[in-house]
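Undergrad: Pasting a structure below so you can have a look.
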Amino acid sequence: MTSVVQVERVTKRFAGHTAVQDLSIQVPAGGIFGLLGPNGAGKSTTIRMILNILTPDEGRITLFSGETASRDLSARIGYLPEERGLYKKMRVGDHLTFLGEAKGIARGAARQKGLAWLDRLGIADWTMRKVEDLSKGMQQKVQFIGALLHDPDLVLLDEPFSGLDPVNSQVMKDVVVEIARSGKTVLFSTHIMEQAERMCDHIVIIARGQKVVDGTLAEVKREFGGRHVALTFTRNGDRASEVLGDRSLVERVDDYGASAEVQLAPGGSADRLLRALVEGDVGLSRFEVVEASLQSIFIAKVGAEAAVAPAQEVVHA
Amino acid sequence: MHKILAVIRREFIERVRTRAFVISTVLFPLLMGTFTVLPAILLRRASGTKHVAVVEGVEGTFGVRVAQALMASRRRDTSAPIPFAVVRIRAIGRVDAVRDSALGRTGLSRKRAVADGLDGVLVLTEETLRSGKIQYYGTNVGSIAEMRRLEGILQPVVQRERLERLGVDPGVVLKAVGNVDLVTQKVAEGKLTGQSGEATFGLAYGMVFILYLTLMIYGSQVMTSVVEEKTSRIIEVLASSLRPFELMLGKVIGVGLVGLFQLSIWAGTALYLGSFGASFMGRMGGDVADAGAAAASAGGASFLSAISPALVIIFLVLFILGFLFYAAMFAAVGSMCSTVQDTQQVMMPVTLPIMLGIMTIFALVNDPNGTLGRVITFIPFWAPFALPVRYSITPLPLAEVLASIAMMVLSVIGVAWVAGRVYRVGILSYGKKASFRDVARWVRTA
């Protein structure tokens, strides 16, 4: 399998701390690749290095089977940064045209493509309006179009779904899936596991700048192993907690109050757990033997403490 | 190249389209006009007829002549009302008492529409003729121009009186005390240019002022625009698409073109108005008091004819090089800051040389080929000011002009290189404002 992005033993340090340490990633061509990790894990730094906005201190990054990362490749890459930003005073149509031109497409073509995308995402009426007149959701769409306008082979999306309402989120998800289906490669970062779980073919989890998990979603789940039960109860939460606290039955609980994901202890069985819960009269509404969710894998691998963002925002120097 | 053009076009169109651009284009000349013409008009208003009492403590015709001189005095080529209305009071032997009573009639009384309300009291005594000191008590002594005029009127009268008392023929005296008026004309390359001294200064000052304004307004716009791209975070998308240097260059050129565009609107309008309005300008120039007159009459035909094609080329070349030189620095400064407020402190090293630049003009006009002038023609910070000014005043060897321009081109390349490195790191740095030590590190490592 050819890899579109090859990150080899890359380290990036900023004044005072190491953002990325000895990181190796291979993004296969086609499909959706998830770069997961808690806030401050080094996701954005990694993406910026892939784009050559930042240069690694050590290691090397090659794109499209063997070409050194550089601005010359920017026409083949689409990028949605985590911090969204547009020229507020520009008209939407002009803005998209400019973003297209900045990627090297001719002016007329850029305008045409921009209009087609605006139409497709249902905001064609806003073409002549200024960006600042748009709602936040619409601005996000405009920026999203800006990343895809030039029909890139590789799309890097940094937290693409953050700050979107469910409807817009759905629209963008559909677009991302479609791009991937057309043979392009999508790499997106997120710290929301449910999304990644539904969309990604391949994931890498990084924490504190280092890789902790790498593989296709199926591989990762198989490797994590264990028997898991997802359950939802409607009453007597304290009794439920008591049952789930039994270490002979349950190895680990990911407790959400009215629902939980449970990893069974080596000696425990789903039958025994079910019996205990029924006896506890917790009003079970769901009891399902499942694969481990990405969320629980993430928590187990990264550790709860790493899920807390470091207090200091990353400052580049 | 295509990408740089896109950046230039965006900067230009988005700026020219703004209401701020349209308003400033229209408003600035109006303001400038108001600032030069208004004080002159006000000055003229204020210098309507002055009522002066001449207290004569001297025998003979001296008092009459002073009064006549005052009443006859007119400002050059004006149809303004008589400047002085004079009341003669003979007061031989009791000068002090008469003076005091006359002083009692000065001041506010005129506003109460009392006919003989006085603006001032002039006291002539024998002492006046000996020492040349004339006492004047007035409400308008604060007006330096008016006191100068009064002195000018009295001077020949006193001289004439003195000479006559010494027995010199009055006819001879009249001829002797006639006015001297220096009529200046600039000589260049052994030819008369038809350009007056005032026009020479006006031209030099005009060029420096245009450069100064453009650097201050459009240079700092480059800076603000860099900061705004950081604040709005659009910079990250741009940085992923364009080389930082392309971005910086496009921005500097785009903003610079807006400045040139605005200047050419102004220049075009001025030429157009000038073509049929020269006489109008001239009349205005004559009409207003001396301060405004110099500038306004210099705006007449002699001013325009003084601008040789060579000077225009030198000015434009240095103007463009100077703008690139300073704008690149402004861009670097912008990239060091995360908010527009931050820039206030960091921009000092850039704005200070510009301000010094405008100050050099006085030294340059006085002595265009002095050491200062020669030296700063080869210092990139000031060459854009010095070279056109010196060239407009005095002929310069072609070699010196070319050497200065070559130095400027090299400096622009050097500054762009350094600024590009600062910019490259700076645009992606957020948070604390970068110190100059940080910047030095960026330049080394970027």
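Undergrad: Any idea how many residues of segment B:426-446 are within 9 Å of chain A (Cβ to nearest Cβ), under 40 Å from the mean Cα position of the chain (by Cα) and assigned to a helix (DSSP H, G or I)?
TA: Qualifying residue count for the region: 1.
Undergrad: Can you tell me which condition A:Gly66 does not meet? The list is (1) at pLDDT 85 or above; (2) over 24 Å from the mean Cα position of the chain (by Cα); (3) not β-branched (Val, Ile, Thr), and all the others hold.
TA: Of (1) at pLDDT 85 or above; (2) over 24 Å from the mean Cα position of the chain (by Cα); (3) not β-branched (Val, Ile, Thr), only one is false for A:Gly66: (1).
Undergrad: A further question on this structure: Say we look at segment B:350-363 and pick out the residues that are touching a residue at least 12 places away in the same chain (Cβ under 8 Å) and under 21 Å from B:Ser225 (Cα atoms); which of these is nearest to the chain's Cα centre (by Cα)?
TA: Checking each candidate, the answer is B:Ile354.
Undergrad: So if I check each of A:Arg60, A:Arg76, which one is at pLDDT 85 or above and over 20 Å from A:Leu157 (Cα atoms)?
TA: So the residue among A:Arg60, A:Arg76 that is at pLDDT 85 or above and over 20 Å from A:Leu157 (Cα atoms) is A:Arg60.
Undergrad: Here's a follow-up. Going by what's in this entry, would A:Gly104 be described as more than 12 Å from chain B (Cβ to nearest Cβ) and touching a residue at least 24 places away in the same chain (Cβ under 8 Å)?
TA: The answer is no for A:Gly104.
Undergrad: Something else about it: Among the listed residues A:Val10, A:Val20, A:Val4, which satisfies the condition of being out of contact with any helix residue (DSSP H, G or I) (no Cβ under 9 Å at 6 or more places or on another chain), surrounded by 21 or more Cβ atoms within 10 Å (Cβ to Cβ) and part of a strand (DSSP E or B)?
TA: A:Val4 is the lone residue from the list that is out of contact with any helix residue (DSSP H, G or I) (no Cβ under 9 Å at 6 or more places or on another chain), surrounded by 21 or more Cβ atoms within 10 Å (Cβ to Cβ) and part of a strand (DSSP E or B).
Undergrad: Same structure again: Does A:Met90 satisfy being under 22 Å from A:Leu134 (Cα atoms), of a type in the set (A, V, I, L, M) and out of contact with any Leu (no Cβ under 7 Å at 6 or more places or on another chain)?
TA: Against the criterion (under 22 Å from A:Leu134 (Cα atoms), of a type in the set (A, V, I, L, M) and out of contact with any Leu (no Cβ under 7 Å at 6 or more places or on another chain)), A:Met90 qualifies.
Undergrad: What is the one condition in (1) away from chain A (no Cβ under 14 Å); (2) assigned to a helix (DSSP H, G or I); (3) aromatic (Phe, Trp, Tyr); (4) closer than 17 Å to B:Ala327 by Cβ that B:Tyr391 does not satisfy?
TA: (4)
Undergrad: Ok, one more. Of all residues in segment B:397-431, count the ones that are more than 29 Å from B:Lys230 (Cα to Cα) and surrounded by 18 or more Cβ atoms within 10 Å (Cβ to Cβ).
TA: Qualifying residue count, segment B:397-431: 3.
Undergrad: I've got another one for you. Please pick out the residue among B:Glu236, B:Glu229 that is charged (D, E, K, R), in contact with a strand residue (DSSP E or B) (Cβ under 9 Å, 6 or more places away or on another chain) and buried (at least 19 other Cβ atoms within 10 Å of the Cβ).
TA: When all the criteria are applied, what remains is B:Glu236.
Undergrad: Among the strands (runs of 3 or more DSSP E) contained in segment A:165-260, which hold 1 or more residues that are aromatic (Phe, Trp, Tyr) and buried (at least 20 other Cβ atoms within 10 Å of the Cβ)?
TA: In segment A:165-260, A:185-190, A:228-233 are the strands (runs of 3 or more DSSP E) which contain 1 or more residues that are aromatic (Phe, Trp, Tyr) and buried (at least 20 other Cβ atoms within 10 Å of the Cβ).
Undergrad: With the structure loaded, tell me whether A:Lys113 is of a type outside the set (Gly, Ala, Ser) and either at the interface with chain B (Cβ under 7 Å from one of its Cβ atoms) or at positive phi (or both) or whether it fails that test.
TA: no
Undergrad: Filter segment B:130-157 down to the residues that are farther than 15 Å from B:Ala69 by Cβ, in a helix (DSSP H, G or I) and hydrophobic (A, V, I, L, M, F, W, C) and list them by number.
TA: Residues satisfying the conditions are B:Ile144, B:Ala145, B:Met147.
Undergrad: Of A:Ser44, A:Ser65, A:Ser74, which residue is among the hydroxyl-bearing types (Ser, Thr, Tyr), outside any strand (DSSP E or B), more than 12 Å from every other protein chain (Cβ to nearest Cβ) and touching a residue at least 24 places away in the same chain (Cβ under 8 Å)?
TA: So the residue among A:Ser44, A:Ser65, A:Ser74 that is among the hydroxyl-bearing types (Ser, Thr, Tyr), outside any strand (DSSP E or B), more than 12 Å from every other protein chain (Cβ to nearest Cβ) and touching a residue at least 24 places away in the same chain (Cβ under 8 Å) is A:Ser65.
Undergrad: Quickly run through segment A:261-288 and pick out the residues that are free of Cβ contacts under 8 Å to residues at least 40 places away in the same chain, surrounded by 15 or more Cβ atoms within 10 Å (Cβ to Cβ) and out of contact with any Leu (no Cβ under 9 Å at 6 or more places or on another chain).
TA: Within segment A:261-288, just A:Gln263 meets the criteria.
Undergrad: Next question. Which residue out of A:Leu244, A:Leu217, A:Leu231 is under 17 Å from A:Ala292 (Cβ atoms) and touching a Cys at 6+ places or on another chain (Cβ under 9 Å)?
TA: So the residue among A:Leu244, A:Leu217, A:Leu231 that is under 17 Å from A:Ala292 (Cβ atoms) and touching a Cys at 6+ places or on another chain (Cβ under 9 Å) is A:Leu217.
Undergrad: If you scan segment A:77-93, which residues turn out to be more than 7 Å from chain B (Cβ to nearest Cβ) and touching a Ser or Thr at 6+ places or on another chain (Cβ under 6 Å)?
TA: Of everything in segment A:77-93, those that are more than 7 Å from chain B (Cβ to nearest Cβ) and touching a Ser or Thr at 6+ places or on another chain (Cβ under 6 Å) turn out to be A:Glu82, A:Val92, A:Gly93.
Undergrad: Only one residue in B:Ser335, B:Ser404 is within 14 Å of another protein chain (Cβ to nearest Cβ), in a helix (DSSP H, G or I) and within 34 Å of the chain's Cα centre (by Cα). Which one?
TA: B:Ser335
Undergrad: Check segment A:142-157 and report whether any residue there is within 12 Å of chain B (Cβ to nearest Cβ), buried (at least 17 other Cβ atoms within 10 Å of the Cβ), at positive phi and in contact (Cβ under 8 Å) with a residue 40 or more places away in the chain.
TA: No, segment A:142-157 contains no residue that is within 12 Å of chain B (Cβ to nearest Cβ), buried (at least 17 other Cβ atoms within 10 Å of the Cβ), at positive phi and in contact (Cβ under 8 Å) with a residue 40 or more places away in the chain.
Undergrad: Can you report the number of residues in segment B:224-264 which are outside any helix (DSSP H, G or I) and among the aliphatic types (A, V, I, L, M)?
TA: 1
Undergrad: Related question: Of the residues in segment A:53-62, how many are in a loop (DSSP other than H, G, I, E, B) and more than 8 Å from chain B (Cβ to nearest Cβ)?
TA: 3
Undergrad: Follow-up question, since we're still on this one. Need the failing condition index for A:Leu96 against (1) modelled with pLDDT of 90 or more; (2) within 9 Å of chain B (Cβ to nearest Cβ); (3) over 18 Å from A:Ile53 (Cβ atoms), just the number.
TA: For A:Leu96, the exception is condition (2).
Undergrad: Looking at (1) at pLDDT below 90; (2) over 17 Å from A:Ile47 (Cα atoms); (3) among the acidic types (Asp, Glu), which is the only condition A:Glu159 fails?
TA: (2)
Undergrad: Would you please name the residue that is surrounded by the fewest Cβ atoms within 10 Å (Cβ to Cβ), looking only at residues in segment A:124-138 that are within 28 Å of the chain's Cα centre (by Cα) and within 11 Å of chain B (Cβ to nearest Cβ)?
TA: A:Glu132
Undergrad: So, one more: From B:Arg65, B:Arg45, B:Arg75, B:Arg110, which residue is modelled with pLDDT under 80, of a type in the set (Lys, Arg) and closer than 23 Å to B:Leu174 by Cα?
TA: B:Arg75
The values are calculated or read from the model by the stated rules, or taken from the named source; none is laboratory data. On a predicted model such as this, the values are computed, not experimentally measured, just so you know. So basically every Cβ, Gly included, is an ideal-geometry build from the backbone, and we count neighbours across all protein chains shown.
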